[in-house]
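Here's the structure, in structure tokens; my notes come after.
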Amino acid sequence: MPWEYTYIGQPWKTQRIVRQVQNELWNNSPANWGVGNDDLGTMSAWYVWSAMGFYPQTPGTADLALGSPLFTNVTITLGNGKKMVVNAPKAATDAPYVQSATLNGSTWNNAYLPPSFVSDGGTLNLDLGTSANTGWATAPSSAPPSYGGNGGPKPPGPQPLPTGPVRSGIAGKCLDVDQGSSADGTRIQTWSCNNSAAQQFALTPDGNLRGLGKCADISGGTENHASVVLWSCHGGPNQKWTYNASTKALVNPQSGRCLDIPESSDRDGTQLQIFDCNSTAAQQWSLPS
């Protein structure tokens, strides 16, 4: 199955092989359909899904593995009236490769669409090209969810990696990447919780707080008020965090200081910092479970 490449950090191979199959087996010629065997509609269904740019790889779930669409626009109206929209202005037969993506206006570096896209709708924008981008959606956390033998979901790797909003002790605020940008140096801030891609984080077993395929990074030293930004993961001590479940604090071991909202501000767009641990609401965080 070409969709399996999305699970091992090589989504460009999925994009290439799926397009190759489409072009060779579903072209405008009687040669490929002469036997009339559509496997009770299965083969046509495969083409319809893949031509829209995604595929329900895991039966019984709403997970959609991402490929790339043949169409510049696909709109599906759900039973609840909401819409699943895929925009790909550069879509072409010879342009199967995803260069970048946004989901609901935020940068999306994952080779799948979450179940909420199917239940609540949303807008996926894809920038396609004729050359493979071998850096897009290649991190282990960017792979579609995998499922254990007991039917329970677990992300790739030996340990479960819950991903989702990190909620602040200040009501209604979540950890957020400014403008959903994955560029190094982008501010990590608080914003009203909205469950967007910019608010999806995971604390890895080795102590990285990951979002958008990168890590929460302390910039400017270990003293109070050092700012926290998004940066390519490199394993340095300024990217390490431990979670104290009793105080709900995220602590940087190198500095001994806690992830903090300056002056306990409830204003959207407040950039995070490190500060002496004090157990206030500004330093309390509820991780996804």
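No lab work stands behind these numbers, since they all come straight from the coordinates. In this text the structure is predicted, and so the values were computed from the model without any measurement. Because the Cβ atoms are built from the backbone with ideal geometry, glycine has one as well, and the counts that use them run over all protein chains shown.
Summary table below
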quantity	calculated
Environment charge at Gly122 (Cβ cut-off 9 Å; Lys +1, Arg +1, Asp -1, Glu -1)	+1
Alpha-carbon radius of gyration plus Dmax, which is the widest Cα pair, for segment 135-272 in Å	14.8, 47
C-alpha long axis of helix 42-52 to longest principal axis of the chain, angle in °	50 degrees
For segment 77-144, convex hull of alpha carbons as volume per residue, Å³	92 Å³
Charge sum, other residues only, whose C-beta stays under 15 Å from Thr222's C-beta, Lys/Arg counted +1 and Asp/Glu -1	-2
Amide H contacts under 5 Å for Leu128, placed H, 5+ residues apart	Lys90, Gln99
Longest segment of the chain lacking trypsin sites (Lys or Arg not before Pro) that sit in a DSSP loop with at most 15 other Cβ atoms within 10 Å	91-266
Links that overshoot a 23 Å alpha carbon limit, given the list Lys214/Lys240; Lys173/Lys214; Lys173/Lys248; Lys90/Lys214	Lys90/Lys214
Distance histogram for the chain (every C-alpha pair counted, 5 angstrom bins, percent rounded to whole numbers)	1, 6, 11, 15, 16, 14, 12, 9, 6, 4, 2, 1, 1, 0, 0
Sequence-distant aspartates and glutamates (8 or more away, or on other chains) whose Cα lies within less than 20 Å of Lys13	Glu4, Glu24, Asp63, Asp94, Asp127
Cα-centre dipole for the chain with unit charges at Cβ (Lys and Arg positive, Asp and Glu negative), debye to 20	120 debye
Order of Leu113, Leu259 under a 10 Å beta carbon neighbour criterion, fewest first	Leu113, Leu259
